[in-house]
Amino acid sequence: MTLGKLTTALSVSLCLGFTALPQPGATLAYIGTYTGAKSKGIYVSRLDLSTGTLSTPVLAAESANPSFLAVHPTRDFLYAVNEIGTYDGKPTGSVSAFAVNRETGMLSAVNRQSSMGGGPAHLTVDHGGRNVLVANYGGGSVAVLPIGPDGALKPASAFIQHTGSSVNPERQRQPYAHSVNVDASDRFAYVTDLGIDKVMIYRLDASKGTLVASDPPFTATQPGSGPRHLALHPQGPFAYVINELQNSVTAFARDPERGGLTALQTISTLPAEQKALPNFSTAEVLVHPSGRFLYGSNRGHDSIAVFSIDQKSGRLTFVEAQSTQGSTPRGFGIDPTGAYLLAGNQRSDSVVVFRIDQKTGRLTPTGSKIEVGAPVSVKFVAAR
């Protein structure tokens, strides 16, 4: 970023009440969006960890449909999918790399690469910070993009095309890779594919940026369930998949040596008295940093489902479904301290803050709500 641009960014930030100076107990919340009349890209707000209050959001960087974000382990770089159908004259989306200014919150574009498939919907950075892995929903594929020393993305070093279909004629005629996650050892990558009702399991060589089918190569989910996102338990050998078409979460035992998943339980994300309506579907799933609670978003019902996790068995117990105070919570984030959950209401253009009860996992609104056009992903970087 040039001195002139930095000065302009500082001036804009200060005018909007977003201080460029470090604040004790504050973290930067980056919000990925679908761009249009109300959004131009990635926004940033400062979360006060003592009060659970968000500052007025500022445009951190312009970008086309940066719906999902991922942060580099050093916190110096941020990566975003560009959920588009054409890039560089080819039928593919892209992934953008940004340098993070942790004092101002502004993002500086580093470079951009093809995602190797249409409509990239999710991405992650391996724990060593060596690769970005991206799931292409429209293309039904997964790709690996190596990261250079300067945070720049290199062209894809691996690409795998999924094949097949499943039982829902409207939503499962072909593969739809919806998310990709890497285990803590950087040895296994898990790709949920909504279109074929499978969690594909790959062996990752992070030093070479390669993917090969593991043994077993996949775990099948219930027919018609539509596995969307996956969350790995931070301490135990468990994984959790939220099923978009079934309004449920499936708990799995995970073999840390071979990467295999064994289903333990499938449980509804809705209260017992609530029937699933045609417009209901799930979206995001996250495990609390403590490993004691699981959260999943319900679109249509417009709530966050809260579960407690049995630390020995990995099984879930439904706790509550808390209203997100908006419409269509496509994504949400939990700050690294585990104190707050920020829910993005895509269709009502808002991000709402909830305080997390550390004993029960229950959510209570803090009263802080900001306006952001079509918010989706929420990621955090400690402020300086």
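Any read-out appearing in this document is the output of simple, stated calculations on the displayed coordinates, not a laboratory observation. Just so we're clear, the structure is a prediction, and the values are computed from it rather than from any experiment. As a convention, Cβ positions derive from the backbone with ideal geometry for all residues, glycine included, and neighbour counts pool all protein chains shown.
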Point to revise | Label-point separation in nm, His127 to Gln265, each point 7 Å along Cα→Cβ | key: 2.5
Revision key, fill the gap. Here the stretch 115-126 yields Karplus 3J(HN,Hα) values (6.51, -1.76, 1.60; θ = phi - 60°; whole Hz; Gly and Pro given as x) of 7, 6, x, x, x, x, 10, 7, 8, 8, 10, 5
Practice item. For the stretch 32-73 and the stretch 83-157, write down the distance between their C-alpha centroids in whole Å. Key: 17
Point to revise | Straight-distance crosslink candidates among lysines, where the alpha carbon sits under 24 Å from Lys38 and sequence neighbours closer than 8 are dropped | key: Lys5, Lys369, Lys379
Practice item. Starting from the Cα-Cα distance between Lys369 and Gln174, subtract it from 0.36 nm times their residue separation and give me the gain in nm to one decimal. Key: 66.4 nm
Point to revise | Placed amide H near Arg384: partners under 5 Å, 5+ positions off or other chain | key: Glu103
Study note, to complete from the structure: Extension length gain for Thr86 and Ser207 (0.36 nm per residue less Cα distance), in nm, is 40.6 nm
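Expressed in nm to one decimal, what extension gain is obtained for the pair Ser313 and Thr56 from 0.36 nm per residue of sequence separation less their Cα-Cα distance? Before the final figure, lay out the partial values.
Details: separation 257, 0.36 × 257 = 92.52 nm, distance 4.22 nm.
Difference between extended and current length: 88.3 nm.
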Practice item. Could you point to the label whose value was computed as Kirkwood radius over Cα pairs in Å for the structure here, given [x] 22.2; [y] 20.6; [z] 21.4? Key: [y]
Review point. Remind me, relative contact order of the chain in percent, using alpha carbon pairs under 8 angstrom and six or more residues apart?
Key: 13
Review point. Whose amide H sits under 5 Å from the amide H of Gly117, counting only residues 5 or more places off or on another chain, with H placed in the peptide plane?
Key: Gly93
Check your understanding: Taking only DSSP H segments of four or more residues, each worth -39500 (n - 2.57), what value at 222 nm results for the chain once the sum is divided by all its residues, to the nearest 500 deg cm²/dmol?
Key -> -1000 deg cm²/dmol
**Study point:** Amide H partners (placed H, <5 Å) of Ser368, local residues excluded
**Key:** Val353
Review point. Which of the aspartates and glutamates could a cross-linker bridge to Lys154, judged by Cα under 18 Å and excluding same-chain residues fewer than eight apart?
Key: Asp76, Asp88, Asp126, Asp205
Exercise for review: Convert each backbone phi in the stretch 71-82 into a coupling constant with the Karplus relation 6.51 cos²θ - 1.76 cosθ + 1.60 (shift: θ = phi - 60°), then list the ³J(HN,Hα) values in order as whole Hz, x for Gly and Pro.
Suggested key: 10, 5, x, 6, 6, 8, 9, 10, 10, 9, 6, 10
Check your understanding: Taking θ as phi - 60°, what are the ³J(HN,Hα) couplings along the stretch 171-182 by the Karplus curve (6.51, -1.76, 1.60), each to the nearest whole Hz, with x for Gly and Pro?
Key -> 10, 9, 7, 7, x, 9, 5, 10, 7, 9, 9, 10
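To the nearest 20 debye, what charge dipole does the stretch 26-382 have about its Cα centre, counting +1 at the Cβ of each Lys and Arg and -1 at the Cβ of each Asp and Glu?
Details: 30 positive and 27 negative charges, 17 e Å.
Charge dipole, the stretch 26-382, about its Cα centre: 80 debye, nearest 20.
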Review point. Quick one: Cα centre-to-centre distance for the stretch 263-305 and the stretch 307-372, in angstrom?
Key: 11
